[in-house]
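Written out below as structure tokens is the structure these notes cover.
The values are calculated or read from the model by the stated rules, or taken from the named source; none is laboratory data. A quick note: this is a predicted structure, and the numbers were derived from the prediction, not measured. Here Cβ is always computed from backbone atoms with ideal geometry, including for glycine, and neighbour counts include all displayed protein chains.
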Amino acid sequence: MGLLSLGTPLHWNDAQKYADHIRSHGIDQFLSIYRARKDQQKDNLLWGDEIEYVVVNVDKEKQKTKLSLRVFDILPGLQQPELDYNAGKSKQEPEALWRPEYGRYMLESTPGVPYGATFKDLVQVENNMKRRRQLAKSVMHPGDIPVTLVNYPRLGCPNELLPDHEPNGQACQSMFVPDEIINPHARFPTLTANIRRRRGAKVEINMPIYHDKNTPKPFVDPTIPWDRELFDHDKEAKEGAAKPDHIYMDAMAFGMGCCCLQITFQACNIDEARRLYDQLAPVAPIMLALTAATPIFRGYLADVDSRWNVIAASVDDRTKEERGLEPLKNNRRVINKSRYDSIDAYISTDDTYKDKYNDLDLLYDEDIYKKLMDNGVDDLLAKHLAHLFIRDPLVIFEELLNLDDEQSSDHFENIQSTNWQTVRFKPPPPHSNIGWRVEFRSMEVQLTDFENAAFSVFIVLLTRAILSFGLNFYIPITKVDENMRTAHRRGAVTKDKFYFRKNVFESNNNKNEEDNDAFELMTMNEIVNGQNEEDGFPGFIPLIHSYLNSTNIDIETRCKLTKYLDLISKRASGELMTGATYLRQLVKRHPDYQHDSVVSPSITYDIVRTADDIAQGHIRVPELLGDFDP
Ligand code: GLU
Ligand code: MG
């Protein structure tokens, strides 16, 4: 989750004075990288996945689970092989890299070294993921397990933490979660507090409740202490922050404490990275819907299936003025989105790009735009960066205010890494042998490594097909935003339609231009498996199979990859459930469930046990995985 520097973090009151300093040096740092690396060619395809885990303590005797806040006890042990290798003490490449995440109960793993461009690399992914899960588990406290649930279903309910703590800490001031839930590194409590301070209030998250037959209507959450007035900020709920018929959450942990599956690619040069960024942007909402696995928040069934909006609201540091609720007085502009959201503009200058696709009125910092243009950066890239740079730096370390802009990219990364968007364009770190990269960020983590591998492999193969066939997925960016909203709906995969482009082969120029750019609402099945009509969109999976046919892949490898593609295909057709549908069904069929939307401790215990059993291959769930053997 971005950079981790040590030092004295500044309170927002002080940090904001340095915002322009950080922005201005951040852009100088970008320019230094840009000058040095813009012409770099022929980097190899390297890629890696990132899996985030929730660590849960399972007490089999009491039949009770709790979130384990003990990840920092085990992290150094997990990281030792990497440290030894980097220090030259060991010749053994690490099997995995481990990073902390926002939650003190979270872990993040990536393969020890990036995967390469071969098909053999693709078939190793699943075993590598399984090995990582095993490694994590092997060092944990007895009873603690890493699970790949997007969130802990009862996060924010009483008596769910190990060790336990009272809510209402200084950083998040939440009535539900204590500060001890946050990664103890100074960056994270500061980020939490400064988002709240900048916004001028606690973050406000409301997800619609899933109305079951015994759920009161309207639903007014009885677990909110409506009458208690111990702290000023507890009043916010009563004063309208907590909406009826919604699950109310008041802290960053509810969002940034969620787990995802991300893929990062190294492109062969900057132009390819920009092209991949653009082509993957319309794919992001589609994959959010297909991987949806988050039907429960704070002990309640929600009427949404995915995490995205919760995280967006959980880090929304915009003031009332910036949200358009009050006239502009102290702030520079009204901002349409949270820092965590879908992208606002395409950035590639290849000849399939047309200005009309960037149909959102892009907000950007004029001075930064001018500086970039004056330094030879083209319009689209300059606008992209000047757009990211409308945000303030949230965490500034006093000792790191003045840096050598030729040597460091800390100030650039400060802004870049707190723009958490669906895709991210990543310049090379200074003086590294890493190239221009793109990160695909929308997917939700899946229960099993089989699924996580399948989705990773799918995205990698899709990028190969995009590059090999020169595919053109452009649709207006506002339609991508509409797809993001659709992707959240309960059961979106089978019930809703998404905008997608019909003709993706740019060479097909025998029709008039309007026709070539046509897009329409398609079912998930049509987007993934193809439209059943002449001139229709061929579908991701058929495109990938055509790509594989054009290579000299051996039969065994092809069979293995096909198994992954089949999973994606069956998810899209509705033959197999999404994780969200599966988990919702698990709750609804649980003997303790009262049909009142409440996900009790005993149901949570069974969810966690089941999630682990499925991931370990101890139980089979054909409705989720078909006859695939995880
Ligand atoms: N956990 C966040 C998510 O679910 C992503 C954090 C990160 O950028 O690593 O999207
Ligand atoms: Mg992460």
- Query: Counting only residues that are closer than 14 Å to residue 246 by Cα and crowded, with 24+ Cβ neighbours inside 10 Å, how many does segment 306-315 have?
  - Reply: 1
- Taking segment 407-418 and keeping residues within 12 Å of ligand 1 (Cβ to nearest atom), crowded, with 20+ Cβ neighbours inside 10 Å and either part of a loop (DSSP other than H, G, I, E, B) or among the β-branched types (Val, Ile, Thr) (or both) leaves 418
- Note on the structure: Expected output for segment 401-426 (first residue without any contact (Cβ under 8 Å) to a residue 12 or more places away in the chain and over 21 Å from residue 38 (Cα atoms), partner small (Gly, Ala, Ser) and within 16 Å of ligand 1 (Cβ to nearest atom), Cβ below 9 Å, 6+ apart or cross-chain) is none
- Within segment 264-280, the residues that are surrounded by 22 or more Cβ atoms within 10 Å (Cβ to Cβ) and either among the charged types (D, E, K, R) or outside any strand (DSSP E or B) (or both) are 267, 272, 273, 274, 275, 276, 277, 278, 279, 280
- Item | Top-ranked residue in segment 222-263 [being in contact (Cβ under 8 Å) with a residue 60 or more places away in the chain, assigned to a loop (DSSP other than H, G, I, E, B) and not β-branched (Val, Ile, Thr); ranked as farthest from ligand 1 (Cβ to nearest atom)] | 230
- Looking at segment 61-112, which of the residues that are of a type in the set (Gly, Ala, Ser) and more than 16 Å from ligand 2 (Cβ to nearest atom) is nearest to residue 151 (Cα to Cα)? 68
- Message: Every residue in segment 97-120 that is away from ligand 1 (no atom under 16 Å from the Cβ) and either small (Gly, Ala, Ser) or in contact (Cβ under 8 Å) with a residue 12 or more places away in the chain (or both), please.
- Response: 112, 113, 114, 115, 116, 117, 119, 120
- Task: All but one of (1) crowded, with 18+ Cβ neighbours inside 10 Å; (2) more than 15 Å from ligand 2 (Cβ to nearest atom); (3) not acidic (Asp, Glu) hold for residue 24, so report the exception by its number.
- Result: (1)
- Task: Hey, can you tell me all the residues within segment 541-564 that are assigned to a helix (DSSP H, G or I) and of a type in the set (Ser, Thr, Tyr)?
- Result: 546, 547, 557, 562, 564
- Candidates 532, 549 - the one that is surrounded by fewer than 19 Cβ atoms within 10 Å (Cβ to Cβ), farther than 30 Å from residue 623 by Cβ and without any contact (Cβ under 8 Å) to a residue 40 or more places away in the chain: 549
- Cβ pairs under 9 Å, 6+ apart, first in segment 477-494 and farther than 10 Å from residue 289 by Cβ, second part of a loop (DSSP other than H, G, I, E, B) and modelled with pLDDT under 95: none
- Residue pairs meeting the criteria (Cβ under 7 Å; at least 6 apart or on separate chains; first of a type in the set (S, T, N, Q), in segment 26-50; second part of a helix (DSSP H, G or I)): 29/411; 29/412
- Which one is farthest from residue 418 (Cα to Cα) among residues in segment 381-394 that are in contact (Cβ under 8 Å) with a residue 40 or more places away in the chain and part of a helix (DSSP H, G or I)? 381
- Report yes if residue 139 is under 25 Å from the mean Cα position of the chain (by Cα) and β-branched (Val, Ile, Thr), otherwise no. no
- Considering each residue of segment 60-77, count those that are touching a helix residue (DSSP H, G or I) at 6+ places or on another chain (Cβ under 7 Å) and on the phi < 0 side of the Ramachandran plot, and give that number. 3
- Task: Residues being in contact (Cβ under 8 Å) with a residue 24 or more places away in the chain, not β-branched (Val, Ile, Thr) and not in a helix (DSSP H, G or I): count how many of those fall in segment 565-607.
- Result: 9
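Yes or no, residue by residue, for (1) hydroxyl-bearing (Ser, Thr, Tyr); (2) at pLDDT below 95; (3) over 20 Å from residue 340 (Cβ atoms):
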{"site": "257", "(1), (2), (3)": "no, no, no"}
{"site": "264", "(1), (2), (3)": "yes, no, no"}
{"site": "271", "(1), (2), (3)": "no, no, yes"}
{"site": "274", "(1), (2), (3)": "no, no, yes"}
{"site": "280", "(1), (2), (3)": "no, no, no"}
{"site": "283", "(1), (2), (3)": "no, no, no"}
{"site": "286", "(1), (2), (3)": "no, no, no"}
{"site": "304", "(1), (2), (3)": "no, no, no"}
- Where residue 125 falls short, out of the listed (1) surrounded by 22 or more Cβ atoms within 10 Å (Cβ to Cβ); (2) under 20 Å from the mean Cα position of the chain (by Cα); (3) within 16 Å of ligand 2 (Cβ to nearest atom): (3)
- Note on the structure: Considering only strands (runs of 3 or more DSSP E) wholly within segment 79-184, the ones with at least 2 residues that are touching a helix residue (DSSP H, G or I) at 6+ places or on another chain (Cβ under 6 Å) and of a type in the set (Val, Ile, Thr) are 144-147
- Message: I'd like to check something: does segment 60-74 contain any residue that is within 16 Å of ligand 1 (Cβ to nearest atom) and in a strand (DSSP E or B)?
- Response: yes
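Residues are listed down the side, and each one gets a yes or a no for (1) closer than 25 Å to residue 144 by Cα; (2) of a type in the set (Ser, Thr, Tyr); (3) at pLDDT below 95:
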{"position": "557", "(1), (2), (3)": "no, yes, no"}
{"position": "561", "(1), (2), (3)": "no, no, no"}
{"position": "564", "(1), (2), (3)": "no, yes, no"}
{"position": "593", "(1), (2), (3)": "no, yes, no"}
{"position": "597", "(1), (2), (3)": "no, yes, no"}
{"position": "608", "(1), (2), (3)": "yes, no, no"}
{"position": "622", "(1), (2), (3)": "no, no, no"}
- Within segment 87-116, the residues that are within 27 Å of residue 456 (Cα to Cα) and more than 26 Å from the chain's Cα centre (by Cα) are 92, 93
- Task: Can you tell me which residue among 571, 620 is charged (D, E, K, R), crowded, with 22+ Cβ neighbours inside 10 Å and either closer than 30 Å to residue 542 by Cβ or in contact with a strand residue (DSSP E or B) (Cβ under 9 Å, 6 or more places away or on another chain) (or both)?
- Result: 571
- Task: Report, by residue number, each residue of segment 92-110 that is buried (at least 23 other Cβ atoms within 10 Å of the Cβ) and under 30 Å from residue 547 (Cβ atoms).
- Result: 109
